[in-house]
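Everything below concerns the one structure shown next.
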Amino acid sequence: DDLEKRVEGLEKGNNREDIIDQINQTNAVEIADREARKDNIVIYQLKEAPQNIKEGKARKEHDKNELKNLFSKIETDVDIDRDVKFWARSGKIEENNARPLIVGFREEQIKKHVMEHAKNLSKINGYDKVSIGNDLTKKQREDDQKIRKTATTRNEELSEDERLNYEWRVLGPRGQRKLVKM
């Protein structure tokens, strides 16, 4: 009965043009979201203000100082007051777990400059667990996860002879990855 009701609802309510409009709307939202995030980065495991600091301004000031230290340690000339549009923590506050810090830059060139210098983090004492990545949409994160699973599955399906010569790899930056047989 439930299945028949759903089929009737589909036949009545959704014609081909409505479905196409819904898909186009979804794609337009995704494109706009990607455009809004293109100048943003996400910094993982950057030290957060202690739990005893409850006031929002004090926490924001702590994050500003941490950003200044990070940018100076990776040897960038980013001026937070001039080059950074915003910064905000994402998620709920938890003990012993630093929330990701989303940072928006005023220009894409500044973001690229920071990303180029981010590789130096692993060599800096106290910042070896900190990482910097692009701010991705939910769909981009899901697509990356799917493509990694696909690579694993395809590598498991290779015959013994093929495994000696080939493997499936995921190449490219996050959000723009491709699956390649190498």
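The values are calculated or read from the model by the stated rules, or taken from the named source; none is laboratory data. The shown structure was predicted, so the numbers you read here are calculated from the model rather than taken from an experiment. No Cβ is skipped: glycine too gets one built from the backbone with ideal geometry, and neighbour counts run over all protein chains shown. Just the protein is used for accessible areas: all its heavy atoms, side chains included, with ligands, DNA and RNA removed. Shrake-Rupley method; radii C 1.70, N 1.55, O 1.52, S 1.80 Å.
Numbers for the structure displayed
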| quantity | calculated |
| --- | --- |
| Residue-averaged 222 nm ellipticity for the chain, from DSSP H runs of 4+ at -39500 (n - 2.57), nearest 500 | -16000 deg cm²/dmol |
| Most fluctuating residue given options R99, R154, R89, as computed from a GNM of the chain linking Cα atoms under 10 Å | R154 |
| Candidates T153, T76, T137, ranked by Gaussian network fluctuation over the chain, Cα under 10 Å, top entry | T153 |
| For region 78-182: accessible area per residue (Å², 1.4 Å) | 69 Å² |
| Region 104-173, accessible surface, carbon-and-sulfur percent (1.4 angstrom probe) | 44 percent |
| Residues in region 78-96 that a label on K57 would reach, taking backbone N under 18 Å of a point 7 Å out along Cα→Cβ | 87 |
| Linear extension gain, N155 paired with D143, 0.36 nm per residue minus alpha-carbon span | 2.5 nm |
